[in-house]
1. What number of residues in the range B:74-122 are of a type in the set (D, E, K, R) and under 13 Å from B:Gly174 (Cβ atoms)?
2. Any idea how many residues of the range B:205-247 are touching a strand residue (DSSP E or B) at 6+ places or on another chain (Cβ under 7 Å) and polar (S, T, N, Q)?
3. Kindly indicate which of B:Val106, B:Val193 is of a type in the set (A, V, I, L, M) and touching a residue at least 60 places away in the same chain (Cβ under 8 Å).
4. For the range B:14-29, enumerate the residues that are without any contact (Cβ under 8 Å) to a residue 60 or more places away in the chain, within 30 Å of B:Asp389 (Cα to Cα) and not charged (D, E, K, R).
5. Name the one entry in A:Asp59, A:Asp48, A:Asp68 that is surrounded by 21 or more Cβ atoms within 10 Å (Cβ to Cβ), within 14 Å of chain B (Cβ to nearest Cβ) and either aliphatic (A, V, I, L, M) or over 27 Å from B:Glu99 (Cα atoms) (or both).
6. When you scan the range B:270-287, do you find a residue that is among the charged types (D, E, K, R), assigned to a helix (DSSP H, G or I) and within 14 Å of another protein chain (Cβ to nearest Cβ), even just one?
7. Looking at (1) surrounded by fewer than 17 Cβ atoms within 10 Å (Cβ to Cβ); (2) part of a helix (DSSP H, G or I), which one does B:Gly93 not meet, given that it meets all the others?
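The values are calculated or read from the model by the stated rules, or taken from the named source; none is laboratory data. Source: prediction; values computed, not measured. A quick note on method: Cβ atoms are made from the backbone with ideal geometry, for glycine too, and the neighbour counts reach across all protein chains shown.
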Amino acid sequence: MEFEQLANRLAEICPGAIVEKVDLDNPDKPTKDPYVVVAADRIVEVMDKLQTDADLRFDCLLSIGGVDYPDVMPKAKKGQPEPELIPGRFEVVYHMLSTIKNHRFVLKVLLPHDDEPVCPTVSNVYSAANWHERETWDLMGIRFEGHPDLRRILCCEDWVGHPLRKDYVFPKEYHGISAE
Amino acid sequence: MSQLGDVPTVGNEVVLDVRTQDMEINMGPQHPSTHGVLRVVITADGEIITSARPYVGYIHRCAEKIGESVTYEMFVPYTDRYDYLAAMNNNIGFCMAVEKAADLEVPPRAVWIRMICSELNRIASHLLAFGTYGIDLGAFTPFLYGFREREWILSLFEKICGARLMYSYVFPGGVANDVPDGWFDEVLEFCDVFEKKWRDYDKLLTRNKIFIERTKNVGVVPPEMAREYGWTGPCLRGSGVRYDLREAQPYMYYDQVSFDVPVGRGEMGTVGDCWDRYNVRMEEMLQATRITRQCVQACIRDTNPGEIQGDKPKTLKVKPTEAYVGIENPRGELGHFIVTDGKDTAYRLKVRGPSFCNISILEAMLPGTMLADAVAIIGSIDIVLGEVDR
């Protein structure tokens, strides 16, 4: 099934869950893979339906990735009104694959750019999500509510900060080892 | 009079309360059988494992962060280093993601050469998996025999790009340089010799009674469990699910070559046991030889070979977009999700390493098995820690 059919089918079985559908010809959100944006509180229900629905049958959660878009304050221009802050966001990108029906799908959950954005966990639906969400927490700092074991996976347990964030400051030393 | 004194008896039997404590054993990070720096903290009641917690991250170099600060061409050597046994495939996966994002055309000759390198690397990687799996289980000979052919492949790669393990040969838009004279003939010679040697390896390990006893019905992963844990590649096919990206969603010119997709059938024990996963890799080596031969013949037939590097600007700047490309690595689906913003570096590069996804099953799979089987199971999943940690 192609993206249009998949998105329509998802909209049928989960009414109101899709916040936005971004196609290939969207001028503001250019992308080579069309995706749907799902509300954070509906993601678990959507994942469940993606797994069980007979037409969709997405059996494989390929990856969960976080993307950091910080707040942007455009430069003030002479004679122009005060620029407004463009709020940032955290994106959680889910890539799905169906080995049964042989189709792919991309979903996104947009979270506000807090210090610790929260997204519900999908590890009860897809066991593969367990380690992916741990990695997203470790490197991007997105907390997954309901995760059975949310701790760092790639960095050390006592690491401070979330390395993949855009405002991450590299530490000057770690346990006495200098990084200069 | 019994020396034991007053002991509890049931009928004629003496009942002694022998309480044992669960032992916590640390496997790794330095361990000959973990295929890298993997630490598994195992709690065992005698021989039976009651719980296992894998710890990864010992070789984490945050390639994803580096991808945000170096240019696309400069990032190619970093891609070599995640799955260092299948470096060509990593290069290709990354370059295909950049090419999809930037709408770059790759000339046909470069695509055929990429396919040859990808399949040769698949054979090299599976040969190492075959050899080290034998060593894990105590058989040293297959390792040396397998490495004989692997050395030949590495010397072929040395002729083409100068490196034996970390090639950095594939760049966005094409490949770095054309093949030297006589290379295609040597590849065809290798394919012929390898098919004969493969039969030796098959007789040596695959049908060996001790090997079968150690791997049949061990680490059985039913297909539903494999799918749930996001398994792809030979591990998923070993569980009976026929899904190969080269067949199902062909990329490069895989739709123009013919090959079979081996699937685990439970020939020795149960579908999805260690033997099945191992056998899928063995059969895949033969199929990779078949594909390589067809690709080389396609290159030789082409009497007017074209460029090996497509049109691209000197500094590659990609307009803002997002793209995901997944390719069939020897370990599963290697995915690169790239977000660009118009600069010459990526804004976000997410790498989906198949070994990372395949190994998360250990915590659920190891309890209930024996300590010696833990080694067989970890070996059969065939992980590379560079890819788990990136």
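1. Within the range B:74-122, the subset of a type in the set (D, E, K, R) is B:80-81, B:83, B:99-100, B:103, B:105, B:109, B:114, B:119, B:122.
Now narrow it down to the ones that are under 13 Å from B:Gly174 (Cβ atoms): B:99, B:105, B:109, B:114.
Residues flagged as of a type in the set (D, E, K, R) and under 13 Å from B:Gly174 (Cβ atoms) within the range B:74-122 amount to 4.
2. Number of matching residues: 1.
3. Values: B:Val193 fails: touching a residue at least 60 places away in the same chain (Cβ under 8 Å).
Among B:Val106, B:Val193, only B:Val106 is of a type in the set (A, V, I, L, M) and touching a residue at least 60 places away in the same chain (Cβ under 8 Å).
4. Passing the criteria: B:Met23, B:Asn26, B:Gly28, B:Pro29.
5. Residue meeting the stated conditions: A:Asp59.
6. For the range B:270-287, residues among the charged types (D, E, K, R), assigned to a helix (DSSP H, G or I) and within 14 Å of another protein chain (Cβ to nearest Cβ): absent.
7. (1)
Let's see how each residue does on (1) at pLDDT below 80; (2) in a strand (DSSP E or B); (3) in contact with a strand residue (DSSP E or B) (Cβ under 9 Å, 6 or more places away or on another chain):
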position: B:Ser2; (1), (2), (3): yes, no, yes
position: B:Gly5; (1), (2), (3): yes, no, no
position: B:Val18; (1), (2), (3): yes, no, no
position: B:Gln21; (1), (2), (3): no, no, yes
position: B:Asn26; (1), (2), (3): no, yes, yes
position: B:Pro29; (1), (2), (3): no, no, yes
position: B:Thr43; (1), (2), (3): no, yes, yes
